[in-house]
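Asks: I'd like to ask you about the structure that follows.
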Amino acid sequence: MANTPISSSEVAWRNGIQFLERRSYKESIALLRQAIDLERTEGTKNPRMKFVSYLGLALTLSQGRSDEGLKLCEQAVKREFFDPDLYCNLGIVYLRHRMKSPAFEAFQKGLNLKPGHRRILEELEKYDHRTEPVFAFLPRGHALNRLAGRLRFRLRSLFDGAAPENN
């Protein structure tokens, strides 16, 4: 069985992902844009949504927040709603835009498609450090729980910082 040759666009995309993983965002963005451009020259009418999604992710990670990156990730998920990687990228981008609820919704959709998705689980592990609400009989989002939760957080921060170290 002969191996099918990898297209130039795929090579550029893979290289872009490697730079993204190394946090070399400028190089990653250039290669991901190149991958999309190469696809057009190879005769593809629309770019692969994974290329678009990862470009959106790279733009967002390089700038902290990127409206263009957000739009690209949302576009990718709308067109290819069956790819958990795209939901993972969208979730990360939402978190960078401080949109927690849509982020966790995106992560959940990705996990519904592929339970045990490594990157999604890693992202959830980073951000899911919420404690129980102060008043369990009230919803988490209730104003009293939010206020008491902020107060509890500040008090813990204050006392944790003042606690002597045990060496």
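Asks: What whole-number volume per residue, in cubic angstrom, does the convex hull of the C-alpha atoms of segment 8-129 give?
Replies: Numbers: hull volume 11.8 nm³, N = 122.
Expressed per residue, the convex hull around the Cα atoms of segment 8-129 is 97 Å³.
Asks: Okay, next question. Suppose R0 equals 30 Å; then what is the FRET efficiency for ASP67 and PHE153 from their Cβ-Cβ distance, rounded to the nearest 0.05? Let's see the in-between values first.
Replies: Numbers: r = 30 Å, r/R0 = 1.00.
Efficiency, from the Cβ-Cβ distance: 0.50.
Asks: Which residue fluctuates most in the GNM of the chain (Cα springs below 10 Å): ARG140, ARG98, ARG48?
Replies: Looking only at ARG140, ARG98, ARG48, the biggest GNM fluctuation is shown by ARG140.
Asks: Can you give me the Cα centroid spacing of segment 142-161 and segment 58-98 in angstrom?
Replies: One Cα centre to the other: 31 Å.
Asks: What's the exposure ranking of GLU27, GLU42, going from fewest to most Cβ atoms within 10 Å? List each step's numbers first, then the result.
Replies: Values: GLU27 15, GLU42 11.
Ranking GLU27, GLU42 by Cβ neighbours within 10 Å, fewest first, gives GLU42, GLU27.
Asks: Working from Cα positions, state the angle (0 to 90°, nearest 10) between the long axis of helix 84-96 and the longest principal axis of the chain.
Replies: Here the helix axis deviates by roughly 50 degrees.
Asks: Using Cα positions and a limit of under 16 Å, work out the aspartates and glutamates in reach of LYS45, with same-chain residues fewer than 8 apart set aside.
Replies: Those aspartates and glutamates meeting the cut-off are GLU10, ASP37, GLU80.
Asks: In addition: Of ALA30, ALA103, ALA58, which has the largest mean-square fluctuation in a 10 Å C-alpha GNM of the chain?
Replies: ALA30
Asks: At most 14 other C-beta atoms within 10 Å and a DSSP loop state: those are the exposed chymotrypsin sites (Phe, Trp or Tyr not before Pro) I care about. Give me the longest piece of the chain that has none. Write out the running numbers ahead of the final one.
Replies: Numbers: sites that count: PHE81, PHE82, PHE135, PHE137.
Answer - 1-80.
The numbers here are math on the coordinates, done by the rules we state, and not lab data. Since we're looking at a predicted model, the values are computed, not measured. Cβ sites come from the backbone with ideal geometry, for glycine too, and all protein chains shown count toward neighbours.
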